[in-house]
Amino acid sequence: AAAKKPAYAPALAEGDIDAAKVTALAKAVSDAQKLAGTATQKTTSKVGVTLSERDLMDNLVELIQEVQKRAKQKYEARNPTVLKDYGIGAKWQNSRALLEQTATNIIGKLATDTLPGIAAAKVAALQKALDDYQKVQTDQTGGQADATTDRANLEKAIKDIVTRRREIQFAADAVWPHTKKANAGIRAEFKIPPDKAVK
C-alpha cells in the first residue's frame, strides 16, 4: 500500500520497484489468502468426514449384528459350523479391514443362503452401508491429501511474498535511509525499523 502511493512511487521506480512489481506483490498476497481459505476449508471438511465415519461404522456394525442374530436363529441348533461364515465368534470389530471383510463375506454368503427376516432389501442396505463406510475412507484420504497439497502450496506462496516484500523494503531503505530522522514516518509505512538499516 505504501509503495502504491503517488508520492513514493517515482523514487521507488528509480530503484527498479515499478508499478508492475507492486501489483505482482498485491496479487500474490490475494492469491495466498484465497489458498489459505481453501486449505482451511479442506482441513475442516476432513474433520467432518472423520466425525461421520463413526456413524457409518456404527450403522454397518448394527446391520451385521442383525444378520448374525438371524443366522444364530437358523443354524445354532441345527448346524452351528455355518455360523463361522457369518463372522460369529470372530473379533471382526477390531479393525477397519476386518469389519469390511466380514461385511463382504456375509454379503457373499447371503447370495446363496436365506435367513429368516433378512429379505433382499436388508441385504441391499448392508451392501450400501459397506459402500458408504469404504467411501468415507477414500474421502478422508483425499481430503487429507488435498489439504496437505494446499498447505505446501501456501508455504511456497508465502516464501514468494516475503521475497517480493523484502525487495520493496530494501528499496525503501535505500531511498529513505534510517540516518535521517525525518524518514522515520515513511519507514514505518514500509514496516522497516526507523533507526536502523533493514537486514
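The values are calculated or read from the model by the stated rules, or taken from the named source; none is laboratory data. From a predicted model like this one, the values you see are computed outputs, not experimental measurements. All Cβ positions, even for glycine, are placed from backbone atoms using ideal geometry, and neighbour counts span all protein chains on display. All accessible areas refer to the heavy atoms of the entire protein, side chains included, with ligands and DNA or RNA removed. Shrake-Rupley method; radii C 1.70, N 1.55, O 1.52, S 1.80 Å.
If the condition is being within 14 Å of residue 65 (Cα to Cα) and assigned to a helix (DSSP H, G or I), then the stretch 111-126 contributes 122, 123, 125, 126. When the test is whether a residue is without any contact (Cβ under 8 Å) to a residue 12 or more places away in the chain, surrounded by 13 or more Cβ atoms within 10 Å (Cβ to Cβ), assigned to a helix (DSSP H, G or I) and of a type in the set (A, V, I, L, M), residue 152 does not pass it.
Residues in the stretch 155-199 that are of a type in the set (Phe, Trp, Tyr) and out of contact with any helix residue (DSSP H, G or I) (no Cβ under 9 Å at 6 or more places or on another chain): 170 alone. When residue 195 is tested against (1) at positive phi; (2) in contact with a His (Cβ under 8 Å, 6 or more places away or on another chain), just one condition goes unmet, and that condition is (1). Just to be sure I understand the filter: pairs with C-beta atoms under 8 Å, separated by 6 or more residues or on different chains, first member in the stretch 4-27 and under 14 Å from residue 172 (Cα atoms), second member in a loop (DSSP other than H, G, I, E, B) and of a type in the set (Gly, Ala, Ser). Which pairs pass? Final answer for the pair search is 8/2; 9/3; 12/3; 17/3; 22/3. Scan the stretch 71-82 and give yes if some residue there is under 23 Å from residue 52 (Cα atoms) and touching a helix residue (DSSP H, G or I) at 6+ places or on another chain (Cβ under 7 Å), otherwise no. Checking the stretch 71-82: not a single residue is under 23 Å from residue 52 (Cα atoms) and touching a helix residue (DSSP H, G or I) at 6+ places or on another chain (Cβ under 7 Å). Within the stretch 177-193, being hydrophobic (A, V, I, L, M, F, W, C) and in contact (Cβ under 8 Å) with a residue 40 or more places away in the chain holds for 186, 190. Scan the stretch 158-184 for residues that are open to solvent by less than 50 Å² (accessible area, probe 1.4 Å) and under 43 Å from the mean Cα position of the chain (by Cα) and the total you get is 6.
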